[in-house]
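A.B. asks: Before anything else, here's the structure in question.
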Amino acid sequence: MSAIGAYVSACRYTFQCDIQDESSWLELERHLRALRGQLTCCVCGLIIYHAIGPAHSACMHHVCEGCRDGKMRLRPACGWCGDRKEFIEKPQLDILVQCYRKLCDYIASFGV
Ligand SMILES: [Zn+2]
Ligand SMILES: [Zn+2]
């Protein structure tokens, strides 16, 4: 699933979620974890900061600009993102990171 797809389903689930129902919360947590996975740097393992990624592939392996030369924690290694000199900026991913943070703030405002 793409990062945008993961974000849309996490949002949809946030609005459907029943605060009184614990299984509903667990499901929401699963969606958020999937989204977070899409927004995680393959090098440092943190939420991505200034995302870059392969120009022409859909492998979804993004890293922070500052992590360009770091070792990717991928097993097995990915053939698509071999040459990171060719990586380009992915501004849409930076926007999704902001959206993810907002969504987390919103969920936190429920007070649970
Ligand atoms: Zn990083
Ligand atoms: Zn890759």
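A.B. asks: Mind listing just one residue for me: the one in segment 28-42 that is more than 16 Å from ligand 2 (Cβ to nearest atom) and either assigned to a loop (DSSP other than H, G, I, E, B) or not basic (Lys, Arg) (or both) and, of those, most open to solvent (accessible area, probe 1.4 Å)? So that I can check it myself, show each step before the final result.
C.D. replies: Initially, segment 28-42 is screened for residues more than 16 Å from ligand 2 (Cβ to nearest atom), giving 28-36.
Filter again for either assigned to a loop (DSSP other than H, G, I, E, B) or not basic (Lys, Arg) (or both), leaving 28-29, 31-32, 34-35.
Details: LEU28: 2, GLU29: 89, HIS31: 38, LEU32: 29, ALA34: 51, LEU35: 0 Å².
Among those that are more than 16 Å from ligand 2 (Cβ to nearest atom) and either assigned to a loop (DSSP other than H, G, I, E, B) or not basic (Lys, Arg) (or both), it is GLU29.
A.B. asks: While we're on this one: Name the single residue that is farthest from ligand 1 (Cβ to nearest atom) among those in segment 53-67 being under 18 Å from the mean Cα position of the chain (by Cα) and exposed (fewer than 13 other Cβ atoms within 10 Å of the Cβ).
C.D. replies: ALA58
A.B. asks: Filter segment 1-59 for residues that are of a type in the set (Asp, Glu) and in contact (Cβ under 8 Å) with a residue 12 or more places away in the chain and give the result. Quick ask: steps written out before the conclusion?
C.D. replies: First, the residues of segment 1-59 that are of a type in the set (Asp, Glu): 18, 21-22, 27, 29.
Correct list: GLU27 only.
A.B. asks: Out of GLY70, GLY45, report the one residue that is farther than 18 Å from VAL97 by Cβ, open to solvent by less than 80 Å² (accessible area, probe 1.4 Å), part of a loop (DSSP other than H, G, I, E, B) and near ligand 1 (Cβ under 9 Å from one of its atoms).
C.D. replies: Within the list GLY70, GLY45, the selection yields GLY70.
A.B. asks: Give the residues of segment 53-77 that are within 12 Å of ligand 2 (Cβ to nearest atom), modelled with pLDDT of 90 or more and among the hydrophobic types (A, V, I, L, M, F, W, C), sorted by residue number.
C.D. replies: VAL63, MET72 - these are the residues of segment 53-77 that are within 12 Å of ligand 2 (Cβ to nearest atom), modelled with pLDDT of 90 or more and among the hydrophobic types (A, V, I, L, M, F, W, C).
A.B. asks: Hey, any hits in segment 13-27 for a residue that's surrounded by fewer than 19 Cβ atoms within 10 Å (Cβ to Cβ), within 13 Å of the chain's Cα centre (by Cα) and at negative phi?
C.D. replies: For segment 13-27, residues surrounded by fewer than 19 Cβ atoms within 10 Å (Cβ to Cβ), within 13 Å of the chain's Cα centre (by Cα) and at negative phi: absent.
A.B. asks: Hey, another quick one. Kindly provide the set of residues from segment 73-111 that are open to solvent by 70 Å² or more (accessible area, probe 1.4 Å), assigned to a loop (DSSP other than H, G, I, E, B) and either of a type outside the set (D, E, K, R) or more than 18 Å from GLY37 (Cα to Cα) (or both), ordered by number.
C.D. replies: Hits for segment 73-111 are PRO76, ALA77, GLY79, TRP80, ASP83, SER109.
The values are calculated or read from the model by the stated rules, or taken from the named source; none is laboratory data. All values derive from a computational prediction rather than experimental measurement. Counting neighbours? That spans all protein chains shown, and the Cβs are built from the backbone with ideal geometry, glycine included. What goes into the accessible areas is simple: the full protein's heavy atoms, side chains included, and nothing from ligands, DNA or RNA. Shrake-Rupley method; radii C 1.70, N 1.55, O 1.52, S 1.80 Å.
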